[in-house]
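Structure record follows, encoded as structure tokens.
Computed from the coordinates by the stated procedures, all read-outs in this text should not be read as laboratory data. These numbers were taken from a predicted model, which means no experiment stands behind them. For neighbour counting, all protein chains shown are included, and Cβ atoms are generated from backbone atoms with ideal geometry for every residue, glycine included.
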Amino acid sequence: MATKNVDEMSFLDHLEDLRWHLIRITIAVILAGIIAFCFPRILFGVIIFGPTEMSFPTYQWLCEMSQLIGIEDTTFCADRFPFDLQNRLVAGQFSTHIWT
């Protein structure tokens, strides 16, 4: 695929260029999907459900700032984040994994 000057490209050359862009986009999406499917613990545990852990950097920063200000409430420095994951469908967990 030779790159031509945009002013010199015909309509069919533009379509050919678009076709190659769409093929590269499709390949990139399929590869990203395969990688995400192969590493579900990283995808779900670190990226999606990362904020449910109290070791999340935002929670640590809020705890330090509340102690610096002098707020002695346990709201910012909790031991556990109240989070319950519920599935309403029989195959909900599997379909969530596939769709994500």
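Here is how the numbers come out for the structure above:
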quantity: Spin-label pair ASP79/PHE44, simplified geometry with 7 Å Cα→Cβ offset, distance in nm; calculated: 2.7 nm
quantity: From phi via Karplus (6.51, -1.76, 1.60), per-residue ³J(HN,Hα) for segment 18-26 in Hz, x at Gly/Pro; calculated: 4, 4, 5, 5, 5, 5, 5, 5, 4
quantity: Cysteines (scope the chain) whose Cβ has no counterpart Cys Cβ under 4.7 Å; calculated: CYS38
quantity: Candidate values [x] 12.6; [y] 7.7; [z] 7.0, label of the one derived for mean projected area of the Cα convex hull in nm²; calculated: [x]
quantity: Electrostatic dipole magnitude of the chain [Cβ: Lys, Arg +1; Asp, Glu -1; Cα centre; debye, to 20]; calculated: 440 debye
quantity: Förster-model FRET efficiency, 41 Å R0, VAL90 and TRP20, C-beta, rounded to 0.05; calculated: 0.40
quantity: Extension reserve of the ILE34-MET65 stretch, reckoned as 0.36 nm per residue once the Cα distance is removed; calculated: 7.1 nm
quantity: Relative contact order computed over segment 1-89 (Cα-Cα under 8 Å; 6+ residues apart), in percent; calculated: 20 percent
